[in-house]
1. Name the residue that is nearest to Ala44 (Cα to Cα), counting only residues in the range 118-130 that are of a type outside the set (Lys, Arg) and in a helix (DSSP H, G or I).
2. Let me confirm something: among Gly71, Gly83, Gly67, which residue is under 34 Å from the mean Cα position of the chain (by Cα) and either surrounded by 10 or more Cβ atoms within 10 Å (Cβ to Cβ) or without any contact (Cβ under 8 Å) to a residue 40 or more places away in the chain (or both)?
3. I'd like to verify a number: residues in the range 71-112 that are farther than 24 Å from Gly58 by Cα and small (Gly, Ala, Ser), how many?
4. Given the criteria in a loop (DSSP other than H, G, I, E, B) and out of contact with any strand residue (DSSP E or B) (no Cβ under 7 Å at 6 or more places or on another chain), does Ala56 qualify?
5. With (1) modelled with pLDDT of 90 or more; (2) assigned to a helix (DSSP H, G or I); (3) among the small types (Gly, Ala, Ser) as the list, and Ala115 as the residue in question, which single condition is left unmet?
6. For Gly58, work out the one condition from (1) surrounded by 11 or more Cβ atoms within 10 Å (Cβ to Cβ); (2) at pLDDT 95 or above it doesn't fulfil.
7. With assigned to a helix (DSSP H, G or I) and at pLDDT below 95 as the only criterion, which of Ala65, Ala103 stands out?
8. Based on what the data block shows, is Ile80 in a helix (DSSP H, G or I), within 23 Å of Ala40 (Cα to Cα) and among the β-branched types (Val, Ile, Thr)?
Amino acid sequence: MKTATRTHAEASHRRAADVAAKPQGNGVRRSVNDALERLAHLAAHWSSSSAGFALALGVVVCWLAVGPLLGYSDSWQLFINTGTTIITFLMVFLIQRSQSKDALAIQLKLDEIVAALAGASNRLVAVEDLSESELAELQERYEALSRRASHLANRGVPLSVDAPARAKRRNGEHRKRRTNS
């Protein structure tokens, strides 16, 4: 299983490297994509800064201050409603893009760690590809592992989700050796 899983992890890392190295089409399309990526990065960085918050707060305070001068008219309300709707619409895509990129980067790092650790359950490499029922089953195994770990604390016993399967294999091999002797 380790070989197959490590092969899967290596393929996952190769795919990520291929995506990073792959040209995005013709020069114009790539430059537009690069420009949009830089813009999204700057907007995400700026909007999460103190200056971004201060600007948003300033706009709302100015809007509130102008309200009495305009008699709290429909146009006054429409101005803030339209502005906040447009900004919210754009921020949804910006946040989704940032979260997707971060999640992919974190997943690749975790895949690398799991694939590199001796004794780790390699079934966790590419765990994001499992179905919800498979994830629930895996979660149950980790909860059982946690309960076992609390009972075996400070005994130096290695624990893994795969430990029961390994123990069964070892016991089966041990019985075969005893019966063959």
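The values are calculated or read from the model by the stated rules, or taken from the named source; none is laboratory data. None of the values given here were measured: they were computed from a predicted structure. Backbone-built Cβ (ideal geometry, glycine too); neighbour counts: all protein chains shown.
1. Glu128
2. Exactly one residue qualifies, and that residue is Gly83.
3. 4
4. In short, no.
5. Checking Ala115 against (1) modelled with pLDDT of 90 or more; (2) assigned to a helix (DSSP H, G or I); (3) among the small types (Gly, Ala, Ser), the one that fails is (1).
6. (1)
7. Result: Ala103 is the single residue among Ala65, Ala103 that is assigned to a helix (DSSP H, G or I) and at pLDDT below 95.
8. No: the conditions fail for Ile80.
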